[in-house]
Structures are given as C-alpha cells and as structure tokens.
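Any read-out appearing in this document is the output of simple, stated calculations on the displayed coordinates, not a laboratory observation. Note that the coordinates shown come from a computational prediction; the quantities given were computed from them, not determined experimentally. No Cβ is skipped: glycine too gets one built from the backbone with ideal geometry, and neighbour counts run over all protein chains shown.
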Amino acid sequence: MVGSLLHPLNIFIVGLGGAFLIPLLNRLGSRWVASAFIFALAAMTLMSGISLLEVLNGSPPIDILTGGSKPPYSINLRAGLDEAVFAFGVNLVGLIGAYYFLREKYGTILIYLLLIMGIQGMVMTRDLFNLFVFLEIVSIATYGLLSLRDTPEALSATFKYLMATVLASNFFLIGTILLYATTGLLNIDDLIANQQAIAGPIGFAALIFLLASLLVELKPFPANGWGLDVYETARGDVAALISGGVSTGVFFALLKLLPLFEGQLEIIAAAGVITFVVSNLIGLQQTTAQRLLGYSSIGQIGLLTIAACLLRLANVDSATFLLIAGGLFINHLFAKVGLFWLADYVGKARLQDWSVLKSRPAAFLAFAVLLAAISGFPPFPGFWAKWQLVMVLAQDERYVWIVLILVGSLLEAAYLFRWFGQTLHGPVESQTARAGSGALVPIFALGLLLIISGLITSNLAGLNSFWPLIPLAAGALTLLIAPCPAWVQCLTVLGMALLGGGWLISDVTGLNGLFAVLLLAGGVTIAIASLYRNDTRPGFYPLLAVLLLSLPALPRASTTLEFFFIWELITLSSYFLVVRSRDAQRQALPFLLFSLVAAFFLLAGFAILHADSASYSLSALRTAGPNSAVVFVLLCVGLLIKAGAVGVHVWLPGAYAASDDDVSALLSAVISKVAIFGLLVGTYVAIRSEVSLQLAHVLGWIGMLTTLAAAMMAVCQDDMKRMLAYSSMSQLGYIVAAIALMSHLGWVTALYLVANHLMVKGILFLVAAALIARTGKRLLSDYGGLAGQMPLTFAAASIAILAMSGLPPFVGFGGKWLLLSAMMEKGWYGPALMTLLATFVGFLYMARFIQAIFLGPRRPDYADLEEAPAALLTAQALLIVGILVMSFFPKVLIEPVSRAIDPQFASTLVWQGMSLEMIYGTWNPIPIMLLAVAVSALLFGLFWYLQHAGLFKDMARRLARNLSPLQRFYAFCRTAFGVLTPPWASMFWSRVAVTADDLALCARSIYTGNGQIYSLFILYYVMALYIAAGGLRYLWP
Amino acid sequence: MISSIVLITGLLLILIGLWGALTHRNILRIIISFSLMGTGTHIVIVAIGYVKNGTAPIIDSALGLAEAPQRAVDPIPSALVVTAIVIGLAVTAIMLAYAIRLYDTKKTLSIEALMESRW
C-alpha cells in the first residue's frame, strides 16, 4: 500500500492534481494554497527520493506504465539510477526554492508546481512525443514565471526567449514527426533498438532537427543571446529555475536520446566545448551579476554536454558515468541556483555593488562556498567529477579536450574569483542587503547540500579514508567558535594543528615523514606569531586551521587523488588567506590563477600517469611507463609555477608583499615548500628514464636562473616585503637546482636548504611584521637606526640574514657548501658558477636589509619605538633555536634525511661526528672556497670599476645628490640589476590577460540584443549542424 | 496525391512562417508568422498520417480488424496534432499577452525596441 503510494507515477498525479486543486483551495484561503504547495513538492521529493534509494539498493529501473497496456501501445516512463538522481535533485531544489514563492499569487504557485512536474516528465518519459509535451509544459510554465518581473528589459528579454524556444520546439516537433514517418515509432527504446531504420534523407533530417532543437534549448554559443538576456533580467529565483531546472530537463532529454546520435557524438561534444570555453571567456567582460551567472550557467551545461558525449565514446561503466555526469550536474544545480538566489538577496545588479554582502558575514560565507563549488574546488562534487573526467579522457587519449576543459575552467575561476575580490574589497555602503535573513536559509541549505553531496561523491571517486577531511573538519570547528576573542581562536587552532597534525604525521615515514614534520612544525611555529594581532579577523582562523592541517596531511597522501585533493585545499585556503588583506585585491587573483594552472598541470600529469600505469598510487611514479617523460614535464611545469620559477613568478612578489604580514611568513616559509615536496615526489619518475634526466638538467638551469634573476630583482626593491619575496623566490631556485641534481647529495642538500629557508624566511617575514606593526612603514628607505630600539628583533634578523647568506658558522654555509659540492660532483660547472654569482648578489640585498633598517642614523620620528610584540618574538626565538640546532648539530637533520632518501641513489655521504668540520671533512673544501672568494672579489672589482669608469655616467650624476657613498652604491646596483632583469615576464603575462579580454570583447559583439538576429543565429546553427553532421550528401543524388 | 499537395503546403507554410518571423519588425506580425509555422507543422503531421483512399480508423462492421492497417488512416498523427494544436494555441496566447504588456510599457510594437540587454 505504502509502496504503491510512493510509486514515481504519483509524482505526476500529485503535481497535476495539486495544480488543479490550488485554485479551489485558494477559495478557502491563501494558507491552504501554501500548505498544499509545500505538501505537493515534499511528496514529489519524497517519492523521487524513495525511487533513488530503491535503485541505489540494486533494484532494477522502475518502469512506469500508463493506459493499461504495454509500450509502444501506451506511453511509458522510467526511473532508473540516472533518472532518479536528476529527478531527485530538481525536486529537492524545487522544494527548497518554494520558500521564495510562498507569498506569490496562487496562479504563480500553480505554474511553479507544473514546472517542477514537467521537468520530472522530461527526465522520466520514454516516449518522444510525450517528451515534446513535457517540454512544452515546462516552456509555457517558464514563460509564465518570467512575467513575474515586468520591467521593460525583462519583458523584452522574455519575448526574445519566447521566439527562440518556440522555434526550437517547432524543430523538435518536426523532428519527431519525421522520425515517425520513417520508422513508425515514437517509443524511445524502440527507436534506439531499430536505429538502422532511421535512414535516408528524411531520417537524417529528423535526427538533426531533434538534436538541433535540444542543443538550442541548452543555449549553445553563438545561438544563445536570448538565454543570456533572460538570465540577466529575470527575477533571480526564476533564473535559478531556468538554469537549474529547465536546462536539466533538456539536458536529460539529450542524454536519453544520445544513443540515436551515435554518429554525431563528437560534433555534439564540440558544440559543448565551444560553448564552455567561449562563454567563460566572455564572462571575463561581464559587469552585472546575473548576466555573469548566465554565462557561467551556459558554460556549465556545455561542460555537461561534453562529458556526456565523451564518456559515451569512452564506453565507461555506469558508475563512472554517474559519478562524472551526476557530480557535474549536482554541482551546477546547487551552486548556480544558490548564486541566483543570492543575487535576489543582495538585490544589486552590478558586481561592484555586491560589497554590501560584507555586512552579512553568513551570507558572505555562503557566497564563498558557492563560488568555490562552481570553480571545481574540493570538497564539492564538481571537483571529484572533473578529476574523474580528466582521468577518463586521458585514458582515451583525448588530450586536446582535456586542455580545452581546463582552459575553460581557468577562465571561469578567473571571473568568479575576481568578483569575489571585488565583493570583499569594494567600498562599504551604509545600505545593507535588502532582503530579510530568512531568504538566506535556502541558500545555506544548498551550501550544506553541496558539502554533503561532495562527501558522497568523494567516496564514489575513490577517496576511502576520512583523514584527508580532517583539515576541513578543523576549519568548520573553528568557524563555530568565531564569536570568541582572537587569542582563544588562535590557541584553539594551534592546539588542533598540534593534535590533528601530530596524528596525521604519526605513521608517515621516510622522506614524506621528514617533510610532514617540517611542514607541521614550521606552520605551527609561524602561526604562533598570529597571536600578536588581537583584532577580530573574520574568517582568518578557520582558514588557518584548514591550512595548518592540510600542510602535514599532504605528505601522508599515498594516492594521486589524495595528493591532489589536499593540494587544492592548500591552494584554496591560502588564496582566501591572501585575499583577506586589503592590499591584496589585485595580487590575490594572479596568485589563485597561477596556482590553478599549476594544479591543472599536476592533474594532467596524474591523468597520464594513471593512463600509463592504471594506478592511482603515487608509487606509480617510481616505475617507468611509456610516457614518463611527459608525466615528468607536466608535473615539473606545474610545480615550478607553484614554486615561482623565473618567467612564471609574476604572481609571487605581489602575493607575498600584499598579504597580511603573518600570512606572508606562512606563504614564504611553509606553503612554498609544498611545491618543493611535490618536486621531490614527482621527479622520482625522472630517475627511471634517460630522457627525463636530460630534462632534469634543464630543471637545474631553470632553478639557477630563478635564483640569480630573483636575487637581482630583490636588490632593486625598496619595499621590504617585496624584497623578502624575491629573496624567497631566489632561495627556492637553489632548492629546485639541488633537486634537479638527482643525486643523493643533491637531495640531501635540497632538504637541508628547505629547512634552512623555512626558518630563515619565517624569521625575516616576522621581523617585517614587527617593523610594520610598530611603524606602519614598508619601504626600506623609511627606516634607519632601529638596532637600539628593537634589539631583540635586530638580533633575530641578523642571525637569520647570516644563516641565509651562507657565511659560516650558520646553517646556510652548510647548505651552500653542500650545493656546490653536489654540483661539482655532477660536473655542473655552469650552475655552480651561477650559484657563486647569486651568492654575491644575495649578499648585497641581505646586507642592505640589515643596514637600511637597523644601522645608520636613527630617524627622529622613531625615537620612542617599542620592541616587537611578544608573540612575534616567541615565534622568531623558536625558529632561531632551530637554526642553532641545525648549525651546530647538523647530524640531527642530515642523518635521517640521508637515510630517508631513496636508496636508489648511491650514498655518498658518510657521517661520523656532530660538527661541521667532520661532515664537510669528506671533501676538500679549500679549492671551492678559494674559488668563491675569488669570484666575489672579482665581481666587487668589476662593479667598482664600472661605477667609476663612468659607464653609467648620467645615472651616477643623477644619483650623486644628497646620497651617502653607501646609498649611492646601492642606487647604482639597483639600476644595473634593473637593466639586467627586464620585466619581460610581467609584460608577457599582462599581454596574455589583455588578449583574453580583447577576445572576449570580440566574441560577445554578436549579442546585439536584437531578437530576430538571435533567431537567425538559431537557424544558422541548425544549418551548420546539418552540414557538420554530413547532411550535404543528401542534398544531391 | 492529395497527401503530397498537403505535405508541400505544410512545408511551404513553415518556410513562410520562418521568413516572416525573421523579416517583419512588428511583434504582432512575428506572432502571426510563428502561428503560420505552427499550422504548417500541423498540416505536415496530418499529411504524414494520411493513407490514400483510407477511411476513418474506427473498427466496426465497415472496417474489419484484418484490413485496418491497409485501409485506415494512421490515427496516431491525428492524435498528436490535436495535442500540438492545443499547445500552439497556448503559446500564441502567451506571446500575444506579452505583446500587450510590451505595448503598454513601450508604446511601440517594433522588435527593435527590445534591445535593452546585450553583450
């Protein structure tokens, strides 16, 4: 009895019956209408939910027969797994969204109910003509709902929408009847079974008409101007219905008819990819929220279309298909609908006015969640679906498709997160969002659903352990204590990081274990410094929790999926941390985009690795496959971007300089090491193949070039954080070169340098934080003579600088020493020479840092400056302890490192004692030491000569005024190095950005706003499809 | 023969409708063109179901079960066309309703007045 009540057929009975009853109930009172409305939607949701559970439990697809006879003599419907997922998703969103319609007139409520019911019909029906009827029900209901906003723009847009959809449904009807004329069939299953009967010019035309109609309804580029206009002008909740509901129905119709279009799958996928890429490109030029969402919406449907066709071509099993198509669909449905609802809540058309959201932190959080979901970040379903999609495509060797999909995704992230930055940093208005808080509840519900569905999909995608989710859980917990004072939150985060991180790294061994300890300890130590600020920093501590726990989780990853998941968590949390800073509006976006490109390279690399080895295990990197060299290059490019190698470094200085001061320290000291860890893991593959070893040599050169160029650029900076940023980039170059050596000694050096840089740069950025906290100044030229007032900070900075510069007795000396030895061992004389050069340039900027800030005459306005805050000093002290331990007891680190490194490399280091002499005693340091001294002396001499020989006479004259000799020397160096490091990279990348903007402007010029032109485009689209599918052969005998 | 004439008429009507919808600037004319296109489609549907010298598909003493497939007109297109006509009517009504509201707000029926949103 209950079973028959919950049969999916009743969805239609309830939907239609409810719609009939509502006018009658309206006579009883509007409360009755609302109750019946909610009841009907809830019942429909329940029924589709039950069907979903049933098919999930393995029962066969539920067939729904009508009219008392079997198909084809009657219409039948079906609720299989795919149908149930799509129907349930739409019902759920329909039920939640009903909130916004409760106070509407009964006619509107009735139409809403019919619309949801019609979409169910489109999803479930197995009869072609019935599909047409449901399509028309949905269309007519949409026309009705669109009239809810009757501004002139909305009316115009709706009329264009009407013209286009009437045209499309006419094509559908013609296609249907032609198909009937050729085959005598209307049942979709029968049509698929008798496909060979669909032949000849009429059969072919029938198929093309059907296909064109469905594609046009999905709003493909360029025949989609009418759809965009409606997205822009409709009420947000109605646009949400079109984007999430109507498009879903049409997409599913296409999905179920795909077997008929077996010969056209690539053409359909091409239509999808054009739409996906171009929509997201034009999205870059949008200034109004709903139109931007419209472009994104159309793009996402394009992506779904690509996935559906290519997965069919790849013959994937139904579970994979559901994971990808279902994941993308659910992601689009929840996230896009949520954003359209949010657009209503905000009530502002222009993107820049969305900054009103800032006054509602909860709404702002929802906004961030929805944007992250659309952009395909974890833990949302889109992330897992995209991952799996790329894996399948790589297996199918569809590399071009992968590239196009990733390019489209990047463009989408670009405009969505630019919007986020604008919202976060826009001018604060007194006027707050106009809708009541109740309107937020459905949006939160969708956010929650996104997270839940993300967790479910993660399981389907093969993430079977819970530990990768610990960072997110910690973030969520910290969010709960947001009302507490800052220090409580900070201590909680630190406690959680120590406990959770400690557990995470407890059973990680070898190289990974070392990195895990390093990342956790470094992260926590530097995060202690965050205690120095006691202002409320909305969102800071939850993000910090996610970051601090993701860092040690990364080395724990044993599969590529776990690795990529945590990698993206780090990317996302660090982006949000960076963008929080007021100065970072412009710098955060490049940071995110370059990080995303890096991640995409990793994704592609992992996908090819998986296609090669059929394994998701990271250990597959240790066995050579046919494409090892490709995998190596892809991974290296991605990781080099993330490490800020020269040429792709343009994101780095800005992001490091503009972030909050403690975040800069984290970025430079700890987060940058993530890329290094990736390199160590990823380059294993190189060891196995000869080709890649050559590439490793290239990698070494890139590393040293980065070191040298960044050191020169560091000298040119006056902003101390920028200087430290370039210095960080330079030091990372050393590490990259050390890894590229691919020798035991090289890798020991790399780890040694990693530890060194972590501590040194941590201290220096915290010193900068202290200085800025006390003076508010950032330029080196604004400082001078602070040694007396801030003696502890001075001491810390001096130790750090000494340790970095490579002067004995500190740790940097050992590092430099090891590096030179390793290079000589390998016969890399060029890079070794560059190491020396870079060391010399490094001296210049490091000496300047100390000299300009702490030495020289004291500025009068700093007379009563206090010593740095205790929290900063504590963190620095801990790091100094680390430096001292490493300097005087190097064995503590080097021995485990040496043991942890793959025994693949023949061990060349034998440790005997605890002191430096004993360790370095294995080699004879004198010749290289002499060489170093000689080169430095030579360079100093050269510079001195150049300055005095008048080669730069003009400049020297300009500089001569009012400058001390030392200042003049630095001014000279800055100019000289400025000439040596032309800003080619930033010119190139801004050119790329401008080109993308220009292309977008060009592409969108077809959207003239003229409804007839839009209709003409539809006609052209049909013709183009006909020709592309090979229809010309039917036009002459 | 009759069927072919009807079929061609239907197809012609579709083309005329399409042409009208794309060339006329007046919204009412555009709506009429869409109506024509719809009617053309309906005629095509009916023509496809027609059987030469056929009779109504009612099985009784005049038409036995055995000869029905040969002599009776195919009833399915006729059934479909009824539905299609009803839908076409609804769509036309909605288009006209929008035309009225557009005229109320803009005081013109030209499609060129509908170009507020673009790009």
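Overview of values
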read-out	value
Amide proton proximity set for A:Ile62, modelled H, under 5 Å, gap of 5+	A:Ala79, A:Gly80
Prolate/oblate/rounded call for segment A:776-905, Cα gyration tensor, a/c under 1.5 rounded	oblate
Interchain or long-range residues, amide H under 5 Å from A:Thr559's placed H	A:Leu618
Surface/4 of the Cα convex hull for segment A:719-858, nm²	7.7
Two-decimal Rg/Rh across the protein assembly as shown, once Rg and the Kirkwood Rh are taken from alpha-carbon atoms	1.05
Whole-number percent relative contact order across chain A, with pairs defined as alpha carbons under 8 Å at least 6 apart	9
Vicinal HN-Hα couplings computed from phi for segment A:593-610 (Karplus, 6.51 cos²θ - 1.76 cosθ + 1.60; Hz; Gly/Pro x)	5, 5, 4, 5, 4, 4, 4, 5, 4, 4, 4, 4, x, 5, 5, 5, 4, 5
Stokes-Einstein D in µm²/s, Kirkwood radius over Cα pairs - segment A:76-206 at 25 °C with 0.890 mPa s viscosity	148
Reachable lysines, given that their alpha-carbon falls under 25 Å from the alpha-carbon of A:Lys761 and they are not under 8 places away in the same chain	A:Lys642, A:Lys673, A:Lys721, A:Lys777, A:Lys816, A:Lys891
Contact order normalised by residue count of segment A:463-941, Cα under 8 Å, 6+ apart, percent	14
Whole-Hz couplings from phi, Karplus 6.51/-1.76/1.60, listed for segment A:841-858; x for Gly and Pro	4, x, 3, 4, 6, 5, 4, 5, 4, 5, 5, 5, 8, 9, 9, x, x, 7
Pair-distance profile P(r), taking every C-alpha pair of segment A:1-126, with 5 angstrom steps and integer %	2, 12, 22, 22, 18, 12, 8, 4, 1, 0
Ratio Rg/Rh [Cα only; Rh per Kirkwood] for segment A:463-941	0.95
For residues of A:995-1007, the mean tally of beta carbons on other chains within 10 Å	1
Segment B:61-119 - convex hull of the alpha-carbon atoms, volume per residue in Å³	153
Global geometry of segment A:807-879, whether rounded, prolate or oblate, following the gyration tensor of its Cα atoms and the 1.5 cut on a/c	oblate
DSSP bridge pairs, the protein assembly as shown: antiparallel proportion in percent, nearest 5	90
Set of aspartates and glutamates near A:Lys160 by C-alpha distance (under 14 Å), chain-local residues within fewer than 8 positions excluded	A:Glu217, A:Asp229, A:Glu232, B:Glu112, B:Glu116
Normalised per residue, the volume of the convex hull around the Cα set of segment A:349-493 (Å³)	141
Cα-only radius of gyration and Dmax that characterise segment A:207-288, units Å	13.6, 41
Three semi-axes of the equivalent ellipsoid, segment A:476-583, Cα gyration tensor, whole Å, largest first	25, 15, 12
Relative contact order of segment A:695-785, defined on C-alpha pairs under 8 angstrom at six or more residues apart (%)	31
Compactness of segment A:454-501 as Cα Rg over 2.2 N^0.38 Å, two decimals	1.40
Only Lys, Arg (+1) and Asp, Glu (-1) charged, at Cβ; segment A:1-126 dipole about Cα centre in debye	400
Semi-axis lengths (Å, descending) of the ellipsoid that matches the C-alpha gyration tensor of segment A:323-386	25, 11, 8
Per-residue HN-Hα couplings for segment A:878-883 [Karplus 6.51, -1.76, 1.60; θ = phi - 60°; Hz; x = Gly/Pro]	4, 5, 5, 4, x, 4
Residues of type lysines that A:Lys348 reaches as a straight line, Cα spacing below 22 Å, ignoring anything fewer than 8 places off in the same chain	A:Lys336, A:Lys358
Stokes-Einstein D in µm²/s, Kirkwood radius over Cα pairs - chain B at 10 °C with 1.306 mPa s viscosity	95
Other protein chain Cβ atoms within 10 Å, averaged over every residue that makes up B:12-18	1
Cα-based equivalent ellipsoid of segment A:730-776: semi-axis lengths in Å, sorted from largest, via gyration tensor	31, 9, 4
Calculated P(r) tail over 13 Å for segment A:957-1006, as whole % of Cα pairs	70
